[in-house]
Amino acid sequence: MARILETRRLTPVTKYFRIEAPLIAAAARPGQFVMLRVREGGERIPITIADYDRAAGTLTIVVQEVGATTRRVCALEAGEEILDVAGPLGGHIEIPPGGHVCGIGGGFGSAALLCLMRELSARGDRTTAILGARTKELLILADELRPLCRNVEVCTDDGSAGFKGFVTQRLAQLIAGDGPGRPDHVVAIGPMAMMRAVADATREAKVKTLVSMDPLMVDGTGMCGGCRVTVGGKARFACVDGPCFDAHEVDFDVAMRRNKQYVREEKQAFERVACMAARESR
Amino acid sequence: MPVKRAEKTPMPVRDAHERAHDFREVNRGYTVFHAVFEAERCLRCQEPVCVDGCPVQIPIPEFIHAVAIGDMAAAAKILRSANPLPAICGRVCPQESQCEAECSMTKNFDPVGIGHLERYVADWERTQPPAVQAKLTRAEKIAVIGSGPSGLVCAGELARLGYPVTIYEALHAPGGVLRYGIPEFRLPKAVLDWEIGLLKAMGVEIVCNVIIGKTLTLDELFEKHGYSAVFIGTGAGLPQFLGIPGENLNGVMSANEFLTRINLMRAYEFPEADTPVRVGKRVAVIGAGNTAMDAVRTSLRMGAEEAMIVYRRSEKEMGARIEEYHHALEEGVKFHWLTNPLEILGNAEGWATGLKCQRMQLGPKDASGRARPIPIEGSELELPVDNVVLAIGTTPNPLLTRTTSGLLTNQKGCLVADEQTGLTSKSLVFAGGDAVTGAATVILAAGAGKRAAQAMHEALAARVS
C-alpha cells in the first residue's frame with residue numbers, strides 16, 4: 001500500500017502523483033520504474049519514476065490514461081492508497097559525466113526527465129530538455145524542469161508554444177549548432193514513434209542516444225520474458241537489462257509490433273472501465 | 001497386519017472431458033476408506049527403504065501405520081515433523097522416482113500410494129483447528145528472501161525455534177512458484193493460502209512488493225534493518241529461450257509468462273481481472289517437464305482446440321511426473337516426441353502461424369545422462385500453431401546477486417552454498433532451493449529450507465556463546 005499525498009491534473013489525460021514510498025525513494029535512480037496494481041484482480045503495470053525525495057520519503061509518478069488500469073489510477077485522489085507499488089526496478093541511466101546531455105520528453109515522457117536532469121545538473125553536466133506535445137495544453141512540467149535544467153526547449157506541433165514542429169526537428173537544429181548546441185548524449189523518453197524518430201535523427205550525427213523502452217510487462221522482475229526487446233540482434237529483457245537501451249541498436253519494428261499484441265483486449269478492458277464509470281456517475 | 005493387494009488404490013479423479021475445461025482440481029483425493037484400505041498394504045519393512053527415497057526422510061511406515069489404525073492426528077504429526085508442506089508435496093512430488101520407487105512392493109506389485117496418503121493426511125489436517133506452537137523467544141531477527149517453498153519452510157522452522165522472521169516477497173502475493181507457476185487444477189491456491197496462514201499465525205511477517213537487491217540490498221538488511229541472519233530462497237525464475245528464429249513473434253511466450261498471466265494474474269477471469277492472455281486454436285508447448293505439462297493442460301482450459309507437446313527427446317526422457325503425463329493424455333494432449341523445433345513461422349502481421357521442426361533419433365548418452373537426440377536429415381515438418389509456449393527450463397534470477405558483493409555463484413548463475421547447511425560465501429547468509437540447485441522440486445527446496453533453518457539457529461547460538 002502506498003498513500004497518495006498529492007495529485008494534480010497536468011492535462012485532461014495525465015495526472016501527477018506524489019506518493020509515500022520511503023524504501024523506493026531511498027533506492028531510486030533516474031530511468032528506473034515501479035510496478036503498480038490498483039485493485040484485487042488488477043494487472044501490474046510499469047510506470048517510469050518521475051522524481052523522488054529521499055528526505056521526505058516520497059516518489060513522484062505521472063500517469064497517462066491509456067488503458068483500464070491507468071484510468072483507474074487517475075481516478076485516485078490524495079489521501080487514497082495505491083494497492084501495490086514495487087520497485088525501483090530496471091537499471092538506472094548511466095551517462096559519462098562532463099558533457100552536454102539533452103533529455104527529450106514526448107508527452108508524459110517529460111516526467112521522467114525531472115530526476116534525471118536534477119542529478120545531471122547537480123554533478124555539473126550541461127543539461128538541455130526538449131519537451132514536445134501536439135499543442136500547448138498538452139505540454140507538461142516545463143516550469144518544474146526550468147530550475148533543474150540549464151536550457152528548456154518547448155516544441156508544439158501547432159506552434160501554440162515554443163518551437164513549431166517536432167522535437168526531432170528542434171534536436172536536428174541543436175545538433176547543427178543552434179541554441180545550446182550539439183549534445184554529447186541524448187536520452188529520449190516518450191511514445192515509441194518519437195523515440196524511433198529521435199534514434200533516426202541522431203544516428204547519422206553519431207550522437208550517443210538512450211531510449212527508455214516501454215514494452216508489455218507482467219512481473220517486471222525478469223520472470224516472464226514478455227518484455228523482451230531486440231537490441232543489437234539479441235533478445236534483452238527491458239525489466240532487468242533495460243529499460244534504457246542504445247537507441248541505435250533497438251529494433252523498433254519488433255518492439256512496436258510486440259506492443260500491439262493485446263490491443264483488442266486492452267480496448268475491451270478500457271471500454272468496460274469507461275462504461276462502469278459512466279454507470280456510476282449516473 | 002498388512003493386507004496383500006497387488007494394486008494401488010486408484011486416486012479418484014474428475015472426468016477428463018469435464019475437467020479439461022475448468023481450473024478446479026483434477027484429483028479428488030482419497031476418502032478415509034480409500035486411505036485406510038491403501039495404508040493396509042504397507043508391509044512395514046524392518047528397513048524402510050522408502051524413507052531413503054524421500055529427500056526429507058519422512059518416517060513413511062510410521063505415518064502410514066497411523067493411517068491404517070485410523071489415527072489421523074498422529075499421522076499428521078509424524079508427517080509434519082519431517083515435511084512442513086505435506087499437502088503441497090502430496091500433490092506435486094514425483095513419488096514414482098522417490099519414495100514409491102524404493103517401496104519393497106514395487107518389485108512385484110504396485111508401490112504403496114505414499115503420495116496419495118500424504119495428501120490425504122495433510123488434507124485431513126486442514127479440516128482441524130491449526131496446531132500452532134510458536135513463541136518468540138529469540139531476540140535475533142531473521143530475514144527470508146522469497147516466499148516460495150524453501151523460504152516458507154525456512155521461515156516456519158525458524159519461527160518454531162522462536163525467532164522473529166520477516167519474509168520479503170518481490171511480487172504482490174506470497175508463494176513464489178507455488179502461486180505463479182503451478183496451476184489451480186494441480187495445486188489449489190486454498191492449500192497454499194492455508195500454509196501461509198499457518199506461518200502468519202506463528203508470527204511470521206510477510207512483506208510483499210519488496211525486491212531485495214532493488215528496494216533494499218542484502219547488506220542493508222543487516223546494517224540498516226537489524227537482521228542477524230538472512231536466508232535466500234529466490235528460486236530459478238528466469239525463463240530460457242531457444243534462440244531460434246521467430247521467437248519474438250506475437251503469440252510466442254515463455255511458460256513463465258503464460259502461467260503467470262493465468263495463475264498469478266487470473267487471466268482466465270478477463271475482463272473481470274485485468275490481465276489478458278491470448279490463446280489460439282492450436283498451442284504448441286516446447287519441453288516435457290512438469291512446467292510443460294502445466295502449460296499444455298492450461299492451454300486446453302483456456303479454450304485451445306489442439307494442445308500439443310513438442311519434445312526433442314522421447315517419452316522415456318520426459319521430465320514430468322508420470323501422473324501429469326497420464327492426465328495430459330486423458331485430457332487429449334498430443335505428443336510429438338523426437339521432434340526438435342527449428343523455427344517459428346509467422347504471418348505478415350507478425351503473429352505465429354507455424355512451428356518448423358525436425359525429427360530426431362536417440363544416440364548415445366550425453367552429459368545429462370540421457371540419450372542425445374540426433375537430427376534425421378531431410379525430416380523437416382511443419383506444425384500449424386497459433387501459440388508457442390517455451391517450457392525449456394529456467395535459471396536463477398540475477399537481480400539479487402548482481403547487487404550483492406561477495407556472494408559467489410557458479411557458471412550457471414546458481415548460488416554457491418554448503419550442501420548441508422546452505423551457508424553461502426557470505427557470513428550469516430544462507431541459501432536453498434532452486435536458487436542453489438537450479439530448477440528442481442518443491443520437496444528438495446523444502447528440505448534445503450529446513451536444514452538451513454537449523455544451521456542458522458546453530459550459527460546464531462554459537463555467536464551468542
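The values are calculated or read from the model by the stated rules, or taken from the named source; none is laboratory data. Just so it is clear, the model here is predicted, and its values are computed rather than measured. Reconstructed Cβ throughout: ideal geometry from the backbone, glycine too, with neighbour counts over all protein chains shown.
The table below lists the values:
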{"item": "Residue, farthest from B:Gly319 (Cα to Cα), within segment B:413-442, restricted to residues that are surrounded by fewer than 24 Cβ atoms within 10 Å (Cβ to Cβ) and of a type in the set (Val, Ile, Thr)", "result": "B:Thr421"}
{"item": "Answer residue from segment B:141-157, given it is more than 19 Å from the chain's Cα centre (by Cα) and modelled with pLDDT of 95 or more and is surrounded by the fewest Cβ atoms within 10 Å (Cβ to Cβ) among those", "result": "B:Lys141"}
{"item": "Which numbered condition B:Pro276 misses (of (1) more than 11 Å from chain A (Cβ to nearest Cβ); (2) without any contact (Cβ under 8 Å) to a residue 40 or more places away in the chain)", "result": "(1)"}
{"item": "For A:Met256: the one exception among (1) facing chain B (nearest Cβ under 8 Å); (2) farther than 30 Å from B:Arg179 by Cα", "result": "(1)"}
{"item": "Answer from A:Arg72, A:Arg54, A:Arg37 - the residue that is closer than 28 Å to A:Cys224 by Cα, modelled with pLDDT of 95 or more and among the basic types (Lys, Arg)", "result": "A:Arg37"}
{"item": "Residue check, A:Gly31 modelled with pLDDT of 95 or more and at positive phi", "result": "yes"}
{"item": "Residue among A:Ile93, A:Ile82 that is surrounded by 20 or more Cβ atoms within 10 Å (Cβ to Cβ) and either away from chain B (no Cβ under 14 Å) or over 30 Å from A:Glu280 (Cβ atoms) (or both)", "result": "A:Ile93"}
{"item": "Selected residue (criterion: farthest from B:Met265 (Cα to Cα)) from residues of segment A:23-59 that are of a type in the set (Asp, Glu) and within 13 Å of chain B (Cβ to nearest Cβ)", "result": "A:Glu40"}
{"item": "Condition met for A:Val66 (at negative phi, of a type in the set (Val, Ile, Thr), assigned to a helix (DSSP H, G or I) and more than 13 Å from the chain's Cα centre (by Cα))", "result": "no"}
{"item": "Elements of type strands (runs of 3 or more DSSP E) contained in segment B:350-465, each with 1 or more residues being within 14 Å of another protein chain (Cβ to nearest Cβ)", "result": "B:352-365, B:387-390"}
{"item": "Any chance A:Arg236 is surrounded by fewer than 24 Cβ atoms within 10 Å (Cβ to Cβ) and under 15 Å from A:Ile104 (Cβ atoms)", "result": "no"}
{"item": "Set A:Arg29, A:Arg44: member being more than 17 Å from B:Lys214 (Cα to Cα) and either surrounded by fewer than 24 Cβ atoms within 10 Å (Cβ to Cβ) or outside the structural domain of A:Ala238 (by TED's automatic domain parsing) (or both)", "result": "A:Arg44"}
{"item": "Selection within segment A:61-79 - of a type in the set (Ser, Thr, Tyr) and either over 24 Å from A:Cys239 (Cβ atoms) or at the interface with chain B (Cβ under 9 Å from one of its Cβ atoms) (or both)", "result": "A:Thr69"}
{"item": "Residue selected from segment B:203-212 under the condition in contact with a Pro (Cβ under 9 Å, 6 or more places away or on another chain) and surrounded by fewer than 21 Cβ atoms within 10 Å (Cβ to Cβ), by the criterion farthest from the other protein chains (Cβ to nearest Cβ)", "result": "B:Gly203"}
{"item": "Helices (runs of 4 or more DSSP H) completely within segment A:170-282 that count 3 or more residues being among the small types (Gly, Ala, Ser) and assigned by TED's automatic domain parsing to the domain that holds A:Ala112", "result": "A:192-203"}
{"item": "Within segment A:1-61, strands (runs of 3 or more DSSP E) holding 1 or more residues that are in contact with a Pro (Cβ under 8 Å, 6 or more places away or on another chain)", "result": "A:33-37, A:45-48"}
{"item": "Tally of residues being facing chain A (nearest Cβ under 7 Å) and under 17 Å from A:Glu266 (Cβ atoms) across segment B:230-252", "result": "1"}
{"item": "First in segment B:146-170 and among the hydrophobic types (A, V, I, L, M, F, W, C), second anywhere and assigned to a strand (DSSP E or B) and surrounded by fewer than 24 Cβ atoms within 10 Å (Cβ to Cβ), Cβ under 6 Å, 6 or more apart", "result": "B:Ile167/B:Ile206"}
{"item": "Single residue of B:Gly151, B:Gly176 found to be in contact with a Gly (Cβ under 6 Å, 6 or more places away or on another chain) and over 22 Å from B:Ser81 (Cβ atoms)", "result": "B:Gly176"}
{"item": "Per-region count, segment B:364-397, residues surrounded by 13 or more Cβ atoms within 10 Å (Cβ to Cβ), within 21 Å of the chain's Cα centre (by Cα) and small (Gly, Ala, Ser)", "result": "2"}
{"item": "Residues satisfying the stated conditions in segment A:259-274, i.e. more than 7 Å from chain B (Cβ to nearest Cβ) and either loosely packed, with under 14 Cβ neighbours inside 10 Å or not polar (S, T, N, Q) (or both)", "result": "A:Lys260, A:Val263, A:Arg264, A:Glu266, A:Lys267, A:Phe270, A:Glu271, A:Val273, A:Ala274"}
